[in-house]
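Undergrad: Here's a structure for you.
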Amino acid sequence: MMEPRAIDGWSSPAAVAAIAGAVAGIRIDRPVTLMHVCGTHEHAIARAGIRALLPAGVRLIAGPGCPVCVCPARDIDLAIEASEREGTILATFGDMMRVPATAGSLERARAGGADVRVVYSPSDAIDLAREDPGRTVIFMAVGFETTAAPIAAAIAADPPENFFVIASLRLIPPALRFLLDRGTGTIDGFVLPGHASVVIGRSGYRFLETEYRVPSVIAGFEPVDILQGLHALLTRIAAGERGAVMNEYRRVVHENGNPKAREAIDRCFAPGESAWRGIGVIPDSGLSLRGPYVRLDAVRTLGLESRREAVDVQPGCQCHRVMLGEVEPEECALFGGVCTPRTPFGPCMVSSEGTCRARFAYRRIEG
Amino acid sequence: MCLGIPMRIVVRDGNDAVAESSSVRKRIRLDLLEDAAVGDYVLIHAGYAIERIDEREALETLDLIRRVYEAGRRDDPT
Ligand code: SF4
């Protein structure tokens with residue numbers, strides 16, 4: 001029996017205060033920009049007001065870490081069109097429902113009579129197909145490595161003939177490479193996403209060490225986890241050392257990740273170039289169905305076609321620049337006025353993990 | 001989106017299992033963590049256990065934080 005402290009010992013205010021004090025006490029004599037690439041991190045950072053605890057001169061910006069926000073409008077357009085077909089059920093995660101596509105959203109499609117269902121797990125979508133063999137069930141699969149693994153496991157477990165997938169899955173390491181190769185703005189260090197790292201392991205980021213020599217740290221999601229990660233990263237940067245990928249989330253992240261999860265992904269999917277909403281095409285950053293699983297590809301097998309030219313960036317929305325860390329949400333003229341969680345204009349305001357949404361939700365604490 | 005919830009496995013039947021945390025019970029799958037056993041704490045994402053939570057590592061981290069805390073208090077004259 002595990003000591004309960006190992007699970008619930010993370011919220012002690014004393015521990016947070018201790019680590020926060022240690023972080024604030026790090027002396028750095030130049031401006032430093034750190035980037036995290038995880039919506040769950042943004043949520044936790046905004047909620048705990050962690051930016052206010054950083055030493056002077058240290059900025060912590062949010063990168064393209066929200067899978068819902070980087071899902072291109074075209075993929076959602078296809079899902080909407082699929083949902084309007086006779087005899088079709090479109091299933092997806094709850095976060096996708098309100099994301100604006102080129103015109104409308106899945107939520108609007110449902111209001112208009114389409115059969116759109118929210119599922120918690122890919123196996124729930126497969127259950128829908130089993131229960132209703134006379135209808136076509138299309139699961140819109142959105143996520144990073146963390147989510148690709150369960151989806152692969154579900155797909156490999158012999159789904160029924162009427163089950164199909166729109167694969168809109170993306171990989172984190174190629175996005176990091178893209179951010180570094182762009183060469184605009186310096187990133188002095190990365191806070192790496194804890195749960196994508198559960199799947200790919202510390203070794204999934206080896207190139208950061210060997211090719212780019214950017215200090216980075218895998219961190220968990222409790223305030224103490226994030227602060228501890230920042231402490232390790234800033235200590236290293238302050239000492240002028242470069243190039244290590246540190247793991248401060250060892251209770252679940254191992255050197256080579258979860259081999260079963262990696263195998264499941266490799267069995268079902270092949271990497272290839274992929275579009276990130278408003279950001280562009282990133283080589284090797286997407287997953288498409290491979291081998292015997294190609295049959296499940298809704299776009300190919302069912303001939304899904306988008307009727308309209310996809311529009312990723314609605315005029316005025318700065319989401320894509322927010323996701324590249326070029327502007328802060330507050331710098332968008334629409335933030336908090338035209339665009340709020342009740343009336344989201346861009347994808348970053350929709351998902352609970354979108355950067356604009358997290359900043360809006362916790363704006364008083366941050367202030 | 002990549003949220004992972006720590007839960008304890010209470011029932012296992014092949015790769016189907018039930019896990020609980022405080023008062024919530026959920027059906028989960030163990031396809032990605034086949035050697036998980038009843039009593040293990042695991043991280044759940046999208047209905048699948050994606051990793052076991054390592055007790056020793058968790059306690060070491062907490063102890064490290066406590067040491068920092070105690071060092072901080074000693075330095076603090078108030
Ligand atoms: S505040 Fe709204 S419109 Fe502005 S960048 Fe964020 S999501 Fe886009």
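The values are calculated or read from the model by the stated rules, or taken from the named source; none is laboratory data. Note that the structure is a prediction, hence the values are computed from the model and not measured. Methodologically, a virtual Cβ is constructed for each residue, glycine included, from the backbone with ideal geometry; neighbour enumeration extends over all protein chains shown. For the accessible areas, the whole protein counts, side chains as well, though only heavy atoms, and no ligand, DNA or RNA atoms are used. Shrake-Rupley method; radii C 1.70, N 1.55, O 1.52, S 1.80 Å.
Undergrad: Consider a paramagnetic label point 7 Å from the Cα of residue A:235 along Cα→Cβ; state which residues of segment A:5-28 have an amide N under 15 Å from it.
TA: Residues passing the 15 Å test: A:18-28.
Undergrad: Follow-up question, since we're still on this one. Stretch residue A:135-residue A:311 to full length: gain in nm at 0.36 nm per residue minus the Cα-Cα span?
TA: 60.3 nm
Undergrad: Evaluate the relative contact order of chain A (contact order divided by residue number), counting alpha-carbon pairs under 8 angstrom at least 6 apart; express in whole percent. Intermediate results must be reported in sequence, preceding the final value.
TA: Numbers: 716 pairs, mean separation 82.9, N = 367.
Once normalised by length, the contact order is 23 percent.
Undergrad: Per DSSP H run of n ≥ 4, the term is -39500 (n - 2.57); total these for chain A, divide by its residue number, and report the mean residue ellipticity at 222 nm rounded to 500 deg cm²/dmol. Could you put the intermediate results ahead of the total?
TA: On the way: 16 runs with 133 residues, N = 367.
For chain A, the value works out to -10000 deg cm²/dmol.
Undergrad: Please report the buried accessible area for the interface of B with A, total over both chains, probe 1.4 Å, in Å² to the nearest 100. Walk me through the numbers on the way to the answer.
TA: Working: alone 6050 and 15970 Å², together 18290 Å².
Roughly 3700 Å² of accessible surface disappears when B and A pair.
Undergrad: Do you know the relative contact order of segment B:1-68, to the nearest whole percent, from alpha carbon pairs under 8 angstrom that are 6+ apart?
TA: Numbers: 112 pairs, mean separation 18.8, N = 68.
Relative contact order comes out at 28 percent.
Undergrad: Could you give the dipole magnitude of the protein assembly as shown about its Cα centre, charging the beta-carbon of Lys and Arg +1 and that of Asp and Glu -1, in debye to the nearest 20? Mind showing how you got there, number by number?
TA: Working: 51 positive and 58 negative charges, 157 e Å.
It comes to approximately 760 debye.
Undergrad: Figure the gain on full extension for residue A:213 and residue A:300 (residue separation times 0.36 nm, minus the Cα-Cα span) and round it to one decimal in nm.
TA: Numbers: separation 87, 0.36 × 87 = 31.32 nm, distance 4.07 nm.
Between residue A:213 and residue A:300, full extension yields 27.2 nm more.
Undergrad: How many nm is it between the label spots at residue A:47 and residue A:327, if each spot is 7 Å from the Cα in line with the beta carbon?
TA: 2.8 nm
Undergrad: Next question, about the same structure. How many percent of DSSP beta bridges within the protein assembly as shown run antiparallel, rounded to 5?
TA: On the way: 28 of 61 bridges.
Restricted to the protein assembly as shown, the bridges split so that about 45 percent are antiparallel.
Undergrad: Here is a further query. Using a 10 Å cut-off on Cβ to Cβ distances, tally the other chain neighbours for every residue of A:143-150 and report the average as a whole number.
TA: Values: counts 4, 2, 2, 9, 6, 1, 6, 11.
Mean shielding count: 5.
Undergrad: While we're on this one: Of the listed peptides A:298-307, A:62-71, A:211-220, what is their order by residue-averaged count of other C-beta atoms within 10 Å, with the highest listed first? Each step should come with its number before you reach the end.
TA: On the way: A:298-307: 14.8, A:62-71: 28.7, A:211-220: 22.4.
In decreasing order of mean packing, A:298-307, A:62-71, A:211-220 become A:62-71, A:211-220, A:298-307.
Undergrad: Packing-wise, with mean Cβ within 10 Å as the measure, how do A:144-155, A:233-244 rank, highest first?
TA: Values: A:144-155: 27.3, A:233-244: 16.1.
Sorting A:144-155, A:233-244 by mean packing, highest first, produces A:144-155, A:233-244.
Undergrad: Taking the Cβ-Cβ separation of residue A:363 and residue A:12 as r and a Förster radius of 35 Å, what is the calculated FRET efficiency to the nearest 0.05? It would help to have the intermediate numbers written out before the result.
TA: Details: r = 26 Å, r/R0 = 0.75.
Calculated transfer efficiency: 0.85.
Undergrad: Further, regarding this structure: So what's the angle, to the nearest 10 degrees on a 0 to 90 scale, between helix A:13-24 and the longest Cα principal axis of chain A?
TA: 70 degrees
Undergrad: May I ask you to order A:262-275, A:197-210 by the average number of other C-beta atoms within 10 Å around their residues, highest value first? Before the final figure, lay out the partial values.
TA: Details: A:262-275: 18.6, A:197-210: 20.4.
By packing density, highest mean first, the sequence is A:197-210, A:262-275.
Undergrad: Once the whole set of protein chains is in place, how much accessible area is left on residue A:135, using a 1.4 Å probe, in Å² to the nearest 10?
TA: It works out to around 60 Å².
Undergrad: To the nearest whole number, what is the average tally of beta carbon atoms from other chains within 10 Å of the beta carbons of peptide A:115-125?
TA: Details: counts 0, 0, 0, 0, 2, 3, 9, 4, 8, 3, 0.
Counting Cβ atoms of other protein chains within 10 Å of each residue's Cβ and averaging gives 3.
Undergrad: For A:5-14, what's the mean count of beta carbons from other chains sitting within 10 Å of each residue's beta carbon? Intermediate values should be presented prior to the final figure.
TA: Values: counts 5, 12, 8, 3, 7, 5, 0, 4, 0, 6.
The shielding value for this peptide is 5.
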